[in-house]
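The structure appears below as structure tokens.
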Amino acid sequence: MTRRRPRVCVFSGPSLSAAEIRTRLASIKADVEVLPPAQQGDVLRLIAAPPDVIGIVDGYFFHVPSVLHREILLALERGVRVLGSSSLGALRAAELDVFGMEGVGEIYRLYRRGAIDGDDEVAVLHATADEGFRPLTEALVNLRHNLRAAQRRKLVSVKTAARVLAHAKGLPFMQRTSRAILTAATGRERAALAGFLRADALDLKRRDALLLVDTIARRLAGAQPWPRRVPLEVRRTSLFQRYEQKYVGQRVGRQHVPDHFTVALQRILSPSFPALYQRVSLRCLALDEAAHRGLASAGSRSSIARFRRSKGLRSDAAYRAWRERRLLTHEELAQLLRERDLEDRIVDRYQSLHPSVRGRAGLLRYVARDVAARHGVDDAALTRPLLMHPGVSWTGALIREMKERGAFTPAVALAARILEHNSRVFEQHPRLAQAPVRRGLLDELVAGRWGVEPEQLGASALERGFAGDADFVQAARHVFVYERTLRARSDRDWDGVVDCFVHLSR
């Protein structure tokens with residue numbers, strides 16, 4: 001098997017163009033992806049299949065939620081080298097360098113030592129992606145640097161430089177044009193400063209961005225060592241789990257389909273889902289027990305080699321095509337095989353402890369009993385999501401298993417169809433967009449699909465892994481709207497649809 005090329009992802013916009021980044025990295029043997037300025041969820045989406053290196057130069061922060069500290073920490077925990085410079089990247093690096101994010105350049109150092117502290121220091125108004133994110137206003141951090149240079153050349157006095165800087169600082173960042181900034185200077189000094197800024201000003205943000213790209217190139221070429229990694233363990237809070245549910249997913253055409261939504265629909269629609277969920281939940285408990293006993297899995301390289309032979313995937317092209325059909329990354333497969341290996345080792349251990357027990361399921365029940373005893377809960381409740389041990393990423397294990405089995409790709413396609421159809425319905429009938437469906441109708445729909453009485457829905461939902469009633473209602477509502485409106489053709493049909501929603505009148 002050929003050695004995998006390193007993968008590099010750089011978030012950049014107004015500070016440095018994509019073309020310049022690709023040119024600077026053209027000489028290294030790596031797969032380079034230049035992405036728009038980072039926003040909340042972008043790093044989370046990347047680390048579903050972690051690149052080797054992430055460079056954060058630019059990022060949104062004003063009208064779009066900023067990239068979260070915790071998603072950067074999660075990338076670091078998973079072994080990704082994360083560097084920041086120039087703009088939001090420099091700010092995040094100054095905040096997270098003690099955790100292993102690496103800051104590059106002068107602006108990072110200014111933030112690091114507290115010489116500047118506002119995010120507006122690096123903020124600029126810029127053009128659209130089609131126009132290359134061309135900056136339309138001046139960055140305050142650049143102005144600071146260039147005013148000092150103009151002072152040294154005796155083009156402006158200390159007093160004038162301070163007045164210009166204070167005036168620029170008082171302007172909203174989207175109004176800091178050269179013309180607006182220069183109104184704070186007068187006469188000969190104004191003309192001299194205007195000429196200097198036009199001809200000799202240094203773009204500190206661009207210089208730092210180039211330094212970041214060159215640093216990545218030298219490191220990957222082996223000409224410069226990577227810094228020592230910082231040991232890191234990121235706690236998964238319920239809030240961060242909601243971010244993951246929102247941002248981690250698949251792109252189908254122009255539609256973003258969250259993995260969480262895909263799985264939620266399968267909980268409703270798939271007759272075989274309870275068995276799969278129970279199977280993976282028991283594996284998660286085996287992983288918990290393996291961690292408690294200090295067991296380590298076999299190396300992923302040998303595991304993948306054996307797996308490829310078992311599937312007849314002899315060439316790299318065949319292996320890649322097999323994975324792409326399943327939306328399964330190399331890293332996800334390696335993780336799945338590690339999980340299966342650890343489960344096998346725990347089952348073997350319990351077989352020696354309980355030689356009279358026959359069958360894998362019976363042995364895993366003993367595992368569940370022991371894990372429950374350690375955590376002080378009833379073993380019958382352990383596989384309910386809210387009671388799962390926090391260290392077990394049970395949703396990830398479930399998705400990896402679905403992908404390897406080939407079940408995830410059609411599930412994503414179905415979820416995309418439902419999302420697209422329902423979006424059209426809500427655009428055409430905006431009154432329905434936020435209105436809840438009458439609960440009795442939801443319960444009737446799902447109970448019929450599951451073959452249970454309505455009063456048994458709560459227990460059945462837990463068997464399918466719903467984390468709570470709100471998740472169940474949200475998924476059931478999408479299914480109900482999709483199925484009911486597919487059949488609506490006439491105005492009378494739509495009157496019947498409207499009657500299904502609470503607090504809506506014709």
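Okay, here's what the table says:
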item: Flag if R206 is without any contact (Cβ under 8 Å) to a residue 60 or more places away in the chain and of a type in the set (D, E, K, R); result: no
item: Of all residues making up the stretch 310-363, the number that are polar (S, T, N, Q) and outside any loop (DSSP other than H, G, I, E, B); result: 4
item: Test: residue in the stretch 288-309 that is at pLDDT 90 or above, surrounded by fewer than 16 Cβ atoms within 10 Å (Cβ to Cβ) and of a type in the set (D, E); result: no
item: Residue match in the stretch 63-70 (condition: within 28 Å of L328 (Cα to Cα), among the β-branched types (V, I, T), in contact with a helix residue (DSSP H, G or I) (Cβ under 7 Å, 6 or more places away or on another chain) and not in a loop (DSSP other than H, G, I, E, B)); result: no
item: Helices (runs of 4 or more DSSP H) completely within the stretch 150-243 that count 1 or more residues being out of contact with any strand residue (DSSP E or B) (no Cβ under 6 Å at 6 or more places or on another chain) and within 28 Å of P6 (Cα to Cα); result: 204-221
item: Matching residues, the stretch 230-268, being among the charged types (D, E, K, R) and either surrounded by 11 or more Cβ atoms within 10 Å (Cβ to Cβ) or under 25 Å from L398 (Cβ atoms) (or both); result: E233, R235, R236, R242, E244, K246, R251, D259, R267
item: Residues within the stretch 291-309 that are hydrophobic (A, V, I, L, M, F, W, C) and in a helix (DSSP H, G or I), tallied; result: 4
item: Tally of residues being assigned to a loop (DSSP other than H, G, I, E, B), out of contact with any strand residue (DSSP E or B) (no Cβ under 9 Å at 6 or more places or on another chain) and over 17 Å from P14 (Cα atoms) across the stretch 95-129; result: 6
item: Flag if P436 is touching a helix residue (DSSP H, G or I) at 6+ places or on another chain (Cβ under 6 Å), on the phi < 0 side of the Ramachandran plot and not assigned by TED's automatic domain parsing to the domain that holds V252; result: no
item: Residue count, the stretch 210-254 (criterion: on the phi < 0 side of the Ramachandran plot and over 23 Å from the mean Cα position of the chain (by Cα)); result: 15
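The values are calculated or read from the model by the stated rules, or taken from the named source; none is laboratory data. Keep in mind that this is a model prediction, so the values were computed, not measured. Using ideal geometry, Cβ is built from the backbone for each residue, glycine included, and neighbour counts are taken over all protein chains shown.
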